[in-house]
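The values are calculated or read from the model by the stated rules, or taken from the named source; none is laboratory data. Remember, predicted model here, so these are calculated numbers, not experimental data. Glycine gets a Cβ as well: all are built from the backbone with ideal geometry, and neighbour counts include every protein chain shown. Note: areas computed on protein heavy atoms with side chains; ligands, DNA, RNA excluded. Shrake-Rupley method; radii C 1.70, N 1.55, O 1.52, S 1.80 Å.
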Amino acid sequence: MHNIIKITDYKRGVCFMDERLEEIINEIKERNQANNPFSMREIDEIAIRILSILGYRSSDQATPIVKIVKQFGFKAYSEKIEDKNLSGDIFINGKTQEIYKHDKVIIVNDMDEKNHQRFVTAHELAHYLFDFLGNPEYADNSKQFNAAYYKDKHDSDDEKRANRFAASILMPKDVFIKQYNIAKAVDSNNWFITMYLSRFFETSISSIERRILEVI
């Protein structure tokens, strides 16, 4: 039995996509159709545009990633996955509607700690944006798209791209630097800073350590 992650529905239970999000989707789709890969800098910019559109650009709280994936038409579920190396997956088209009663879903492993589940949710959204949109292989909706998140498989370009997007949307650079400096002013001990940032952004220690290397 799947456990849907509960989030607040909008008026009348209907979620309408912001036209500016549709613009981003169309831009990405055109780039993907042209087989013109995004640079890491461009991925950062897309993450920031999404946050800005949804009003989370300069938020002093953790990014509400489940609300964000809902804005893109997804339902997010947590379920117990026995394979400890498998943290989540994304399913679109094919038999997705038949199985989940929705045509776009993101699954996270309920056995993983919550901060990691948040990262996986953002990571899977990236696969939708950069690997599904505009991909002719899934144009007729009959073939199911999925991109599983395995903890030991992050060397491919698509996985690196998805990780970068997840880091950028969960830990936006300017907010991250601001909070890093706040923590450092209180205590310059690296462990204190890392723990403070992990609690603020609700991301794992390892994600914080990687983000520090990226932006500080």
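For LYS29, a cut-off of 20 angstrom between C-alpha atoms picks up these lysines, skipping any fewer than 8 places away in its own chain: LYS70, LYS104, LYS143, LYS160. Set the Förster radius R0 to 22 Å, insert the Cβ-Cβ distance between GLU113 and HIS154 as r into 1/(1 + (r/R0)^6), and round the FRET efficiency to 0.05. It comes out at approximately 0.75.
Here LYS153 sits with roughly 120 square angstrom of accessible surface, probe radius 1.4 Å. So what's the net charge close to VAL69: Lys and Arg +1, Asp and Glu -1, counting the other residues with Cβ under 10 Å from its Cβ? Result for the local shell: +3. Using the basic label-point model (7 angstrom from Cα toward the beta carbon), what is the ARG210 to GLU19 distance in nanometres? With each label point 7 Å from Cα toward Cβ, the separation is 3.7 nm. Largest first, the residues VAL66, VAL105 sort by 1.4 Å accessible area into VAL66, VAL105.
Ranking ARG41, ARG164 by solvent-accessible area of protein heavy atoms (1.4 Å probe, all protein chains present), from largest to smallest, gives ARG41, ARG164. Could you work out how far the C-alpha centroid of the range 153-212 sits from that of the range 83-105, in angstrom? Cα centroid to Cα centroid, the span is 28 Å.
Every helix of 4 or more DSSP H residues in the chain counts as -39500 (n - 2.57), and over all residues that averages to -15000 deg cm²/dmol at 222 nm.
Taking ALA185, ALA167, ALA126 as the candidate residues, the one with maximal mean-square fluctuation in a Gaussian network model of the chain, Cα springs under 10 Å, is ALA185. Over the chain, accessible surface divided per residue gives 54 Å², non-protein components excluded, 1.4 Å probe.
In the chain the Cα-Cα distances spread across 5 Å bins starting at 0 as 1, 7, 14, 19, 20, 17, 12, 6, 2, 1, 0, 0 percent of all pairs. Couplings 3J(HN,Hα) for the range 67-82, derived from phi with the Karplus relation 6.51 cos²θ - 1.76 cosθ + 1.60 (θ = phi - 60°), are 4, 5, 5, 5, 4, 8, x, 9, 10, 10, 10, 10, 8, 6, 10, 5 Hz, where x marks Gly and Pro.
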